[in-house]
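Every read-out reported here was derived from the displayed coordinates using simple, explicitly stated rules and does not represent laboratory data. What you see is a predicted model, and the numbers here were worked out from it, not measured in a lab. Here the Cβ positions follow ideal geometry from the backbone for every residue, glycine too, while neighbour counts run over all protein chains shown.
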Amino acid sequence: MFERLLSGLLAPSPARLPEPDARLALAALMVRVARSDGTYAVTEIAQIDRVLGCLHGLSPFAAAGLRAQAEVLETEAPDTVRFTRAIKSAVAQEDRAELLQALWSVALSDGNRNAEEDRLLRLVANLLGLTDVESALARQRAAKA
């Protein structure tokens, strides 16, 4: 399964991901955000599981399973630019701000706002076609939730 997804992501122009792969790719991006500050805290892991459960209507067990698959994929995935490009093609424009809010909720869940997380989320917002203002609003919504 990972080989098929990785070969699609490594292609010069990644094809639109089917729904199960899109879920996994989004989960892997959450893991990448959580790991970007050099730590992968229990609070971040729990937040990823909560977000995956809410976004996809998964049980806690299924969300944890998806996250575990995403952890493997994230370590093997190509650079964030190409990875996010593939995700962008799978997520409708109107849903991308919600995705960014979910990513910010993961980044903020450990109580530390880190420069590496900020940098990565600025890049992701840009690659998802969102403005700095939309990113700031998504961060504010995530901080209030």
Handout entry: Order by protection proxy (mean Cβ within 10 Å, highest first), peptides 86-93, 62-69
Key = 62-69, 86-93
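Nearest 20 debye, what's the magnitude of the dipole of the range 24-122 about its Cα centre given +1 on Lys and Arg Cβ and -1 on Asp and Glu Cβ?
200 debye
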Handout entry: Binned Cα-Cα distance frequencies in the range 19-72 - 10 Å width, integer %
Key = 28, 60, 12
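How do the peptides 21-31, 116-126 rank, highest first, by the average count of neighbouring beta carbon atoms within 10 Å per residue?
21-31, 116-126
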Problem - Percentage relative contact order, the range 12-145, counting C-alpha pairs under 8 Å, at least six apart - result: 32 percent
Practice task
Classify the range 81-137 as rounded, prolate or oblate from the Cα gyration tensor: take a ≥ b ≥ c as the square roots of its eigenvalues, call it rounded if a/c is under 1.5, otherwise prolate when a/b beats b/c and oblate if not.
Solution key: prolate
